[in-house]
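Working notes, structure below.
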Amino acid sequence: MEPSELKRSKDSPNSDESTRRSSFPDEVLERVLSLLKSHRDRSSVSLVCKDWYNAERWSRTHVFIGNCYSVSPEIVARRFPKIRSVTLKGKPRFSDFNLVPENWGADIHAWLVVFAAKYPFLEELRLKRMAISDESLEFLAVSFPNFKALSLLSCDGFSTNGLAAIATHCKNLTELDIQENGIDDKGGSWLSCFPESFTSLEVLNFANLSSDINFDALERLVGRCKSMRVLKLNRSVSLEQLQRLLVNAPQLAELGTGSFSEELTFRQYVELESALSNCQNMHTLYGLWDAKGIYLPALYPVCTHLTFLNLSYAALRSDELAKLLAHCPRLKRLWVLDTVEDKGLEAVGLNCPLLEELRVFPADPFDEEIIHGVTEAGFVAVSFGCPRLQYVLYFCRQMTNAAVATIVQNCPDFTHFRLCIMNPGQPDYITNEPMDEAFGAVVKTCTKLQRLSVSGRLTDLTFEYIGRYAKNLETLSVAFAGSSDWGMQCVMGGCSKLRKLEIRDCPFGNAALLSGLEKYESMRSLWMSACNVTMNGCRLLAREMPRLNVEVMKEDGSDDSQADKVYVYRSIAGPRRDAPPSVLTL
Amino acid sequence: MSKPIEHDYIGLSEQQLPSMEKSSDKKDGLHLKDTELRLGLPGSESPEREDHDQNVLSLKSFVSGAKRGFSDALDGGGNWVFSGGSGGGTEGLFSPRRGGKNNGGKDLSGLDSGSVLKDGAAQKPSVVQEKKPQVAATSSHGNGNIAPASKALVVGWPPIRSFRKNTLAAHPPKNDDGDGNAEAKLGSGCLYVKVSMDGAPYLRKVDLKIYGSYKDLSSALEKMFSCFTIGQCGSHGVSSGDGLTESRLIDLLHGSEYVLTYEDKDGDWMLVGDVPWEMFTDSCKRLRIMKSTEAIGLAPRAMEKCKNRT
């Protein structure tokens, strides 16, 4: 910046030598702050002083709202006039597991209406656990001429008709990412709605959908979108069709295959392998639905540079996984089904030293009689071979305290530790003791821990450990655990950075709930269901803390005084007005 | 439906885990207690547990498995693993209750029984996630009005997202019988049935559509279950495919120790092999490798049914 410019600004009417206001003109400050991407950094910046607050709000282009009810669209629009990208999260996470009533809320439409007026140049919308209707999608498609990226994760309320509207009207679309939604799949014709002149798509993910799409339309679309880097197909796309797509899109960085199981001739197999080997940029592989082991070698050429392999829809055996992983030395993220069993996980430990994230999902989670899957042995084997592990999600049917202690000793860098022992309240199967020491070891050893999900038989001791040691913990999920209010009190008292707490089926009552009185305003939300909290406790909380929304969801046939499901969150928008009758706002 | 017979061995298999296997000769209740699924109880309830080698599946324990009253099986089937089954050798070993579902010494002390049951009680449609045949029957053996909550009836547990749940339910993972022939055909091609074996710690699933005859099915089952009868197993009892073990099992099967039976659409248990293969695959709902001693009485019924059908 020119010294003369600086001098000019100093001489401007606003600068007063004696009070030493900011020596930067606003434009400079805004320019500097526009380089800040992290919304947390931006929040910190906005608290420095009024000038910085203003500079920050004028320079912000992306807003992240972790709870759509914590603020209103009008308030957002007033504060941030130049937003081009919005990320919104709605329902409490337990809605993924059917614990939240259907019509609970989190509808996007009111937001879209405000955005259409205030942010006509909106480009990106990323929604998680929101309700969105086809009408809203159509409204979105026609209201924002520059619209580029739509990502819907775990949302519901819409059908493929809404997608058709997006495909038809959004001429500048670069991203359409439809993941794990409750979508009403009325057929695949939406894909044919992209005009022949449309070439801008870079990300297309329709793995969520089950119906057949018009393959010719897809082939042409992929052929003309030369910048496409992410393509995630649905199950209806066959291996042979996959090969045809890949031939025209060797630049793909992320591929979600369709079904990986039909009969292939030798020639077709060779062609597929050849098409895959041309994809030198590919670092992520997904899908592989119903993968047949004999075709997996076609993937080997791609495997050498893969960093993320998602096999969680492919029921591979341990030997099949082992053979595949022998070709994946650079793997950092791996998702598998527990059909690979402990032996498969041993292969992970042997072949993937760079692994940072492992997720093991259960193939038969609800079948009590079929007890294969993974045990503590598999997890331990991975920990010996993969010291860089930071993120684990592990579903198993048995675990021991000793195993977990070994695991965290091998991998002290965990930031996300989510262990789900599938039988609620199950103790250490060898010693018959509670799993307290396991999670004690986790929190004592893994000082960077941000997210923890506990399971198994746990007494208050677990929570004492958490409160005492988990100083960086931000998210805690608890189910079927604890002995008394004291457990929750330890957490509320000790975990200073806690932002999200979700509890189900624990013996925590009003004393526990109210012990967090001072804390809830610094948190995003609290969920407590099937605990011992009463309506009176909730009313007291609501009364004492007017800036919290305290919502109770009652179940049919339950006692009037029991608060079956409680959802508490901070909000500057006041109590919400769109709650259904089953949700009481206190 | 003839749930009782079905649950007889369900109870056994549910109560046992390979790693918890004990080579004990204990009779009736205690024996089962040692091998029950709920991992805590064997250690706590049977201090006389001698064998600490958790990985060896003892032939004796399996094959000598006493026939347990189906109340046990039902209760075992109906509950969370931790509940129930404490207590020495008394009838109703696994009944939910020794004093109520949620207590008993080592179990979830402090867990609010009210809340547990609220979620578990199958009172509203939204609660029932997966249909479990034994649940309906369980309530008649439970502790009075407290219906033991089957894991499957606990809403939202285990925490799996709907998309994944629905995907897995619609297209079950292919059966890992080890010979690589199992094709998981999409949609209409699958006919998965559960196969249990008396004395084995857990069940397997087979896709009947991939077999063309009784012979194919029989040899596949032999491979699958051979390890249970020999006492050699990997960490989970995955079939080892060892030649010796297969022939041993074949001997067992062809000898008089085991017979292969199936439950048909009407809920009746029949001997496998009496009807043409296609008729069998159409009507078979599940398979059970049953001890011969218990199969007495089946043959005549199978014949009768056949006659009635034709």
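The values are calculated or read from the model by the stated rules, or taken from the named source; none is laboratory data. These numbers were taken from a predicted model, which means no experiment stands behind them. No Cβ is skipped: glycine too gets one built from the backbone with ideal geometry, and neighbour counts run over all protein chains shown. Surface accessibility is based on the protein's heavy atoms, side chains included, excluding ligands, DNA and RNA. Shrake-Rupley method; radii C 1.70, N 1.55, O 1.52, S 1.80 Å.
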Too long at a 23 Å Cα-Cα cut-off: which of A:LYS91/A:LYS500; A:LYS343/A:LYS444; A:LYS323/B:LYS209; A:LYS89/A:LYS118?
A:LYS343/A:LYS444; A:LYS323/B:LYS209
Phi-derived 3J(HN,Hα) across region A:558-564 with the Karplus relation (6.51, -1.76, 1.60, θ = phi - 60°), rounded Hz, x for Gly and Pro, is 8, 4, 4, 8, 7, 9, 4
Indicate the residues belonging to region A:312-346 that lose 40 Å² or more of solvent-accessible heavy-atom surface (probe 1.4 Å) upon moving from the chain alone to the assembly of all protein chains, ignoring ligands and nucleic acids.
A:TYR313, A:ALA315, A:ARG317, A:GLU341
Could you pull the accessible area for A:LEU354 with a 1.4 Å probe, rounded to 10 Å²?
50
Keeping every protein chain present and rolling a 1.4 Å probe, give me the accessible area per residue for region A:473-586 in Å².
37
For A:GLU320, A:GLU273, give me the order by solvent-accessible area with a 1.4 Å probe, most accessible first, ignoring ligands, DNA and RNA.
A:GLU273, A:GLU320
Give, in nm to one decimal, the length gained when the segment between A:ILE75 and A:THR61 is fully stretched (0.36 nm per residue of separation minus the Cα-Cα distance).
3.5 nm
In sequence order, what are the phi-derived ³J(HN,Hα) couplings for region A:439-454 according to the Karplus relation 6.51 cos²θ - 1.76 cosθ + 1.60 with θ = phi - 60°, rounded to whole Hz, with x for glycine and proline?
6, x, 4, 4, 6, 6, 8, 9, 6, 8, 4, 10, 9, 9, 10, 10
Interface buried area B-A, accessible surface with 1.4 Å probe, both sides summed, nearest 100 Å², comes to 6200
When DSSP beta bridges are limited to those with both residues in region A:398-585, what percentage is antiparallel, rounded to the nearest 5?
45
Per-selection metrics, region A:320-372 (Cα): Rg and Dmax in Å:
11.9, 37
Which ³J(HN,Hα) values, rounded to whole Hz and listed in residue order, are derived for region A:255-271 from phi using the Karplus coefficients 6.51, -1.76 and 1.60 in 6.51 cos²θ - 1.76 cosθ + 1.60 with θ = phi - 60°, glycine and proline given as x?
10, x, 6, x, 5, 10, 9, 7, 6, 10, 6, 4, 5, 4, 4, 5, 5
Mind giving me the FRET efficiency for A:HIS109 and A:VAL28? R0 is 41 Å, r the Cβ-Cβ distance, nearest 0.05 is fine.
0.55
Quick check for you: with a 1.4 Å probe and neighbouring chains kept, what is the accessible area per residue of region A:248-407, in Å²?
30
What size of dipole, in debye to the nearest 20, comes out for chain A about its Cα centre when the only charges are +1 on Lys and Arg C-beta atoms and -1 on Asp and Glu C-beta atoms?
2300
Computed over the Cα atoms of chain A, what is the convex hull's projected area averaged over all directions, in nm²?
30.2
With the radius of gyration and the Kirkwood radius both derived from the Cα set of region A:398-585, what is their ratio Rg to Rh?
1.00
Given a 1.4 Å probe and every protein chain left where it sits, what share in percent of the accessible area of chain A is carbon and sulfur?
51
What is the spread of the Cα atoms of region A:369-477 along each of their three principal axes, largest first, in whole Å?
39, 33, 21
Could you work out the equivalent-ellipsoid semi-axes for region A:480-539, taking the square root of 5 times each eigenvalue of the Cα gyration tensor, largest first, in whole Å?
16, 13, 11
Which three numbers, in whole Å and largest first, are the semi-axes of the equivalent ellipsoid of region A:58-149 derived from its Cα gyration tensor as √(5λ)?
23, 15, 11
With unit charges on the beta carbon (Lys/Arg positive, Asp/Glu negative), name the residue among A:GLY516, A:SER455, A:ILE503 whose Cα is farthest towards the positive pole of the charge dipole of region A:398-585.
A:GLY516
Projected onto the charge dipole of region A:279-420 (unit charges on the beta-carbon of Lys, Arg, Asp and Glu, signs +1, +1, -1, -1), the Cα from A:LEU321, A:ALA381, A:PRO412 with the largest positive-side position is that of A:PRO412
